[in-house]
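The structure appears right after this line, and notes come after that.
Any read-out appearing in this document is the output of simple, stated calculations on the displayed coordinates, not a laboratory observation. What you see is a predicted model, and the numbers here were worked out from it, not measured in a lab. When we count neighbours, we look across all protein chains shown, and the Cβ atoms used for this are built from the backbone with ideal geometry, even at glycine.
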């Protein structure tokens, strides 16, 4: 993943010096936040805020898709498919069940990446993220 591109999109000096694993974790956290914003906006009937949150989560999914090095084997290919699947669920017209599926993907994978980050960034994690 290009850290400078992500830093420009998601702001902050912190991202300019972050590793790919750090950025990946932050992107997952932001996608989860956006989907929570979508649910709240849906509850209060704010269609503009709801669509904005879904669009941002979708852009994050595509950022994650584009950051995967498919030359890294089956795990990378599986992650690519999962993020692409999540992106297809993130449509402004999608039912809440589709958005929950995407949120679950971000939550589970984000938790796994967070665990890798806590363990000290093993070399294999750097090459996939």
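Extension gain for residue 46 to residue 78 (0.36 nm times residue separation, less C-alpha to C-alpha distance): 8.0 nm. log10 I(q)/I(0), Debye, Cα-only region 36-128, no solvent, q = 0.11, 0.18 Å⁻¹? So the normalised log intensities are -0.36, -0.82.
With a simple spin-label model that places each label point 7 Å from the Cα along the Cα-to-Cβ direction, the separation between residue 55 and residue 29 comes to 2.5 nm. Volume per residue for region 35-83 equals 58 cubic angstrom (convex hull of Cα atoms).
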